[in-house]
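Quick note: the coordinates plus some simple rules give every number you see, no bench work behind them. Just so it is clear, the model here is predicted, and its values are computed rather than measured. Don't worry about glycine lacking a Cβ; one is built from the backbone with ideal geometry, like all the others, and counts go over all protein chains shown.
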Amino acid sequence: MAAKLQCEICGGKLIGKPGGIFECENCGTEYSTEWAKAKIQEITGTVKVEGTVEVTGKVQVDSSANKEALLLRGKLALEDSEWAKAKEIFNEILDADPENAEAYFGLCMTEEKCCDKEAFQKKYSAIDFWSRIKDSKNLNRARQFSSDYESWLCNMDTQRRQEIDQLEKERKKEMAEPILFMLSNAPACRTVCVMLDDAGFTYRKILANENMELTNRLGIRQVPTLVLPDGTKYVGPGTIKLFLNDRS
């Protein structure tokens, strides 16, 4: 087995010596039994060096495994909502690899407080999100250094436009006719319904307390409120009655 070991300095053949020492037959460098066992088993051990070691030439260390480990730690920190820790880890990766797209995207997610891609995608679909995030330096760096991120974000952008178009269609549909926001047990609301019906006015009834998303989006603060398709609001029985009188 000893004959298969080579000197790390000059590549020479190692010869076994008394006391468990291995010595290079070319340069005389000595290696311990522990070093030989570690080399044979192909595992990394700790080497204690006595004295001064001089190394000439260029030493290149493959840090890909370390980057993968750091990326995993960064993703775990995101999942745990540890934003500051995740930011520190992704910056550490970029210190060693300034073109690492995953690290730039990780920083973007720490800024937006998104724990994973799915959460980022849901946030991305919001109407006002892209207008705010589109100039993000970290997001654009991720797109610059990875075609995968560029393609993924472009697909999301297409999906987002489709969702917005669909939302606009739904909003136009729901505002195609006047809406009366009311409560079923409010006397003023019942009075307005009678007025509108007697005037032959076509409208749709919405119970405000059961449709809070639409109520809040249209800024309804009081019932009864009549909202026309153009967004004009008439609040209260008196105002709605004046509106009906002006139409006649």
**Prompt:** Using the Karplus equation 6.51 cos²θ - 1.76 cosθ + 1.60 (θ = phi - 60°), what ³J(HN,Hα) coupling, rounded to whole Hz, does each residue of the range 133-147 give in order, writing x for Gly and Pro?
**Reply:** 8, 4, 9, 4, 4, 5, 5, 5, 5, 4, 5, 5, 9, 8, 5
**Item:** Ranking of MET182, MET212 by count of other Cβ atoms within 10 Å, fewest first
**Value:** MET212, MET182
**Asked** Can you put ILE240, ILE21, ILE133 in order, fewest other beta carbons within 10 Å first?
**Response** ILE21, ILE133, ILE240
**Request:** Grab the Cα-Cα distance for MET212 and ASP230, subtract it from 0.36 nm times how many residues apart they are, and report the gain in nm with one decimal.
**Result:** 4.5 nm
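Assuming 0.36 nm per residue, please report the length gained on full extension of the stretch TYR203 to GLU111 beyond their Cα-Cα distance. Write out the running numbers ahead of the final one.
On the way: separation 92, 0.36 × 92 = 33.12 nm, distance 4.55 nm.
28.6 nm is the gain from fully extending TYR203 to GLU111.
Can you put PHE201, PHE22 in order of Cβ neighbours within 10 angstrom, beginning with the fewest?
Least to most surrounded, the residues fall as PHE201, PHE22.
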**Inter-probe distance in nm under a simple model that places probes 7 Å from Cα toward Cβ, at GLN6 and GLU118** = 4.9
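If r is the Cβ-Cβ distance from SER184 to THR239 and R0 is 22 Å, what FRET efficiency results, to the nearest 0.05? Can you show the working numbers first?
On the way: r = 21 Å, r/R0 = 0.95.
That gives a FRET efficiency of 0.60.
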